[in-house]
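Data block below; observations after.
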Amino acid sequence: MRIAKIALIFAALLCLQACSNDRRGPAQRQAEAFSQGIAGPGAGVRPGPGANAAYIAGLEKRKAGDCKSAIDIVRPVANLGPGYEGAQFALGDCLSRVAPGANTPEHHEALTWLLRAADGGWTEAQGRLAEFYALGPDGARDKAEAAYWLALYQLGAGMPRFGFEPMAPTALSAIETALSASERDAGRARAATWQKKTWIPPKAAQPSSPESGVGAQDGRRMRRGPRGAEEEGG
């Protein structure tokens, strides 16, 4: 019995030594994503309670109709990347509402953020894109894109998450009316092939390699964030 106890203690010591020598931490890509922050070192907002508080404050401004203030608040949060698709949607939505026209910097930035959130699976962003492509400015309308995002929105709306904001019934009806039956069928077929793509801030991306299949400028494949590890196809 005494020999067995000694053997057990010895094994535990070996385990502790091995653990102390194991210095594995976050992957370099993940570490860079969290350490670089929003717009580089010293940006002031990091993932966690501070970012969540800013996100909530931005949503309150947006809900109150103060999109200009909401934009300033949620932009840093949206730039955190994975796990902050809600902030990306809020930013894109507000930018689209203050944009003075279809070919303006605000308009193009709005689409960028809406696409990032929609690609990441945020249902409201998918619905907003469907609305934009079906009912937006003449030069921006695209029936195929509208039908695609509408189909994805309807799939997501059928399995809503907590806090989901459904599209206004009048807007949904207007989108459906703007699309033919064949266009809606094509959109559903395309939506069936959809794969989640999570955006990573460029400073967190790594150079392309045969193993990863993703380049430094395209941070939209395997990503680990506050929601947990995910690996998605491009």
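What follows is calculated from the coordinates using simple rules that are stated; it is not laboratory data. Every value quoted in this text rests on a predicted model; they were computed, and no experiment measured them. Ideal geometry is used to build each Cβ from the backbone, glycine not excepted, and the neighbour counts take in all protein chains shown.
For Leu80, no residue whose modelled amide H falls within less than 5 Å of its own remains once neighbours fewer than 5 places apart on the same chain are excluded.
At 7 Å along Cα-to-Cβ for each site, give me the label-to-label distance between Leu135 and Lys63 in nm. Computed distance between label sites Leu135 and Lys63 equals 2.2 nm.
Sort 170-180, 50-60 by packing, meaning the average of other beta carbons within 10 Å per residue, with the highest value first. Please list the in-between numbers first.
Working: 170-180: 14.9, 50-60: 17.1.
Top of the packing list down: 50-60, 170-180.
If we count other beta carbons within 10 Å of each Cβ, what is the order of Arg161, Arg184, Arg190, Arg116, fewest first? Placing the least packed residue first, the sequence is Arg161, Arg190, Arg184, Arg116.
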